[in-house]
Structures are given as structure tokens and as C-alpha cells.
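Participant: The structure follows.
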Amino acid sequence: MLEAIKLTKYFGGLAAVNELNLIVNQNEILGLIGPNGAGKTTFFNVVSGFFPPTSGRVLFEGRDISQLEAHDIAHRGISRTFQASTLFMKLSVLDNVFTGYHMSYRTGFLKRVLHTPLARKEEEGFKQKALETLKFMGMASLKDELAANLPHGYQRTLGIAMALATNPKLLLLDEPATGMNLNEKKAVIDLIRRIRDMGITIILVEHDMKVVMDLCDRIIVLNFGQKIAEGLPEEIKSNREVVEAYLGKEESKNAA
């Protein structure tokens with residue numbers, strides 16, 4: 001579904017992503033892990049069009065999207081969440097999800113401003129879809145709550161709901177379980193599996209290794225912007241180079 005070919009992104013003289021080659025298969029959950037500064041979020045930013053690559057290409061469903069703007073990439077079916085909250089805190093939970101359907105409007109801007117009958121009908125349809133999304137997420141009872149009043153775990157889940165409202169084929173999840181307690185993490189693991197069961201391919205960046213190992217079909221490890229390992233969870237868990245990247249050589253020797 002997605003392929004990065006010698007993908008490189010420099011910031012000044014620093015290569016945040018350095019000639020990265022990777023393939024994402026349709027309908028898999030791919031884990032992208034590595035220590036802080038490994039290039040994981042930069043990769044997401046390039047794939048989703050927030051940063052142009054310095055060199056290399058990104059292919060999505062066989063088409064080069066490397067130079068497209070973020071909104072064009074979203075229209076093609078790639079959506080993402082962020083490490084930090086990007087919610088509309090003063091809007092209700094339902095209205096936050098409703099905003100995700102803005103790309104799906106068929107009525108023109110002027111008709112929506114004038115609130116014509118056709119525009120009202122389409123808006124009501126999207127409101128209903130937003131409610132259905134909240135039901136799927138287990139958040140329907142919170143639909144009228146302000147986003148600012150939600151506990152942290154629900155705010156993270158609402159961010160995923162907003163991404164789903166764009167009807168993605170590929171969903172990039174940037175640390176969806178960060179700051180969650182054990183029960184919340186179990187719930188988000190179940191949720192991500194159900195999203196994949198809908199036919200949505202997922203790339204997951206996450207620091208909680210238990211979440212990664214429990215959830216991902218395959219894992220790619222980055223360090224200093226380069227791929228240092230790729231394989232099944234059990235293979236990655238026992239990979240010496242991966243252990244050294246996280247702990248350092250001396251610490252990994254002591255741990256052994």
C-alpha cells in the first residue's frame with residue numbers, strides 16, 4: 001500500500017530520515033519504533049505532506065505522493081494523529097468528529113454558508129456519521145461533553161475518531177497510548193484491532209513496547225533516521241542491535 005524509496009529528510013545538516021526504504025502491506029498493523037530522535041515522527045510528517053522530502057520518494061497505492069500538499073494526501077486516503085492533542089477544546093465531542101467530514105462535502109461553500117436545504121441535509125448526514133463513529137469508539141455517551149473536559153485517555157481516543165472521519169485507507173497513529181493507564185491501553189489495543197478489521201491499514205509509532213508487541217504484525221526499528229531492523233515482534237525483541245539502540249552497548253552487555 002505504501003512504499004518509501006531512499007526517503008531522506010534533512011533539517012540543516014541533520015538527517016532526521018536517511019535513505020529509508022520500507023514497505024507497508026495492505027491491512028497490516030506495522031509498528032515503527034526507535035529511541036527518541038530516531039526519525040519516526042519526521043517520517044510521519046513527510047508521508048502526510050507536512051514536510052517535503054529532501055530526496056527520495058513516497059508511493060501510495062503505486063502513485064508518487066512525495067510532492068503533494070497535506071490536504072491532497074488526505075484526500076487520497078492517508079490520515080494521522082499527533083503526539084500532542086489537536087482537538088478543538090471548546091467544541092463538543094460530536095462536533096470535533098463532525099469537523100473530520102469537511103473533506104467529504106459535495107455542496108459548495110456558498111450553499112453551506114447560506115444553509116440551503118441541500119446543505120442542511122448533507123450536514124445532518126455527516127452529524128449522523130459522526131455519532132456512528134463515536135458509537136464505534138465507545139464514546140457516544142460523551143457526545144455533548146466539551147473536549148476540554150475529557151480525561152486524557154478519551155482525548156487521545158477522540159483524536160483517533162477525528163482521523164477516522166476522513167475515511168482513511170491508511171492511518172498513521174503517533175503514540176496513541178501515551179499517558180494512558182493499563183486499562184486504557186487495553187482498550188486502545190482492542191480499538192486499533194477493530195479499526196484494522198474495517199480494512200484500514202495502520203502504521204503505529206509507540207514507545208510502550210508491550211503495546212507494540214501485543215498489537216503489531218510486523219515491526220521496523222529506526223535509529224538516527226535509518227532502518228536497523230525489521231521483522232516479527234519476537235524477532236525484534238531478541239535483536240541485539242535493537243537492544244543496543246535503546247540501552248546503549250555497555251548497558252545492554254550488563255543486561256545480558
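The values are calculated or read from the model by the stated rules, or taken from the named source; none is laboratory data. Source: prediction; values computed, not measured. Note that we place each Cβ from the backbone using ideal geometry, even for glycine, and neighbour counts take in every protein chain shown.
Participant: Counting only residues that are touching a strand residue (DSSP E or B) at 6+ places or on another chain (Cβ under 8 Å), of a type in the set (A, V, I, L, M) and without any contact (Cβ under 8 Å) to a residue 24 or more places away in the chain, which one in the range 20-73 is surrounded by the fewest Cβ atoms within 10 Å (Cβ to Cβ)?
Facilitator: Per the stated criteria, the residue is 23.
Participant: Next up: Could you identify the single residue in 146, 204, 191 that is touching a Cys at 6+ places or on another chain (Cβ under 9 Å) and at pLDDT 95 or above?
Facilitator: Checking each option against the conditions leaves just 204.
Participant: If you don't mind, there's one more thing I want to ask. Only one of (1) surrounded by fewer than 19 Cβ atoms within 10 Å (Cβ to Cβ); (2) in contact with a strand residue (DSSP E or B) (Cβ under 7 Å, 6 or more places away or on another chain) is not met by residue 11, so which one is it?
Facilitator: The number of the failed condition is (2).
Participant: Also, I was wondering about something else. For the range 73-95, which residues satisfy the criterion of being outside any loop (DSSP other than H, G, I, E, B) and over 17 Å from the mean Cα position of the chain (by Cα)?
Facilitator: Passing the criteria: 92, 93, 94, 95.
Participant: Restricted to the range 224-256, and to residues that are modelled with pLDDT of 85 or more and basic (Lys, Arg), which residue is nearest to residue 36 (Cα to Cα)?
Facilitator: Applying the filter and picking the extreme gives 227.
Here is a yes/no grid of residues against (1) under 19 Å from residue 236 (Cα atoms); (2) of a type in the set (Val, Ile, Thr); (3) assigned to a strand (DSSP E or B):
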{"residue": "9", "(1), (2), (3)": "no, no, yes"}
{"residue": "23", "(1), (2), (3)": "yes, yes, yes"}
{"residue": "26", "(1), (2), (3)": "no, no, no"}
{"residue": "31", "(1), (2), (3)": "yes, no, yes"}
{"residue": "35", "(1), (2), (3)": "yes, no, no"}
{"residue": "42", "(1), (2), (3)": "no, yes, no"}
{"residue": "45", "(1), (2), (3)": "no, no, no"}
{"residue": "50", "(1), (2), (3)": "no, no, no"}
{"residue": "53", "(1), (2), (3)": "no, no, no"}
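Participant: Pairs please, first residue from the range 134-156 and over 17 Å from residue 192 (Cα atoms), second anywhere and of a type in the set (Ser, Thr, Tyr), Cβ atoms under 8 Å, 6+ apart in sequence or on different chains.
Facilitator: Once the first residue is over 17 Å from residue 192 (Cα atoms) and sits in the range 134-156, its partners that are of a type in the set (Ser, Thr, Tyr) give 142/154; 143/92; 144/92; 145/92; 146/92; 147/92.
Participant: Now, a different point. Filtering the range 193-214 down to residues that are of a type outside the set (Val, Ile, Thr) and crowded, with 22+ Cβ neighbours inside 10 Å, which residue is farthest from residue 80 (Cα to Cα)?
Facilitator: Across the range 193-214, the extreme among qualifying residues is 206.
The rows are residues; the columns are (1) outside any helix (DSSP H, G or I); (2) among the aromatic types (Phe, Trp, Tyr); (3) more than 25 Å from residue 231 (Cβ to Cβ).
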{"position": "161", "(1), (2), (3)": "no, no, yes"}
{"position": "173", "(1), (2), (3)": "yes, no, no"}
{"position": "178", "(1), (2), (3)": "yes, no, no"}
{"position": "185", "(1), (2), (3)": "no, no, no"}
{"position": "191", "(1), (2), (3)": "no, no, yes"}
{"position": "196", "(1), (2), (3)": "no, no, no"}
{"position": "212", "(1), (2), (3)": "no, no, no"}
{"position": "221", "(1), (2), (3)": "yes, no, no"}
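Participant: Look at the range 157-200 and say how many of its residues are in contact with an Asp or Glu (Cβ under 6 Å, 6 or more places away or on another chain) and touching a residue at least 40 places away in the same chain (Cβ under 8 Å).
Facilitator: Counting residues in the range 157-200 that are in contact with an Asp or Glu (Cβ under 6 Å, 6 or more places away or on another chain) and touching a residue at least 40 places away in the same chain (Cβ under 8 Å) gives 1.
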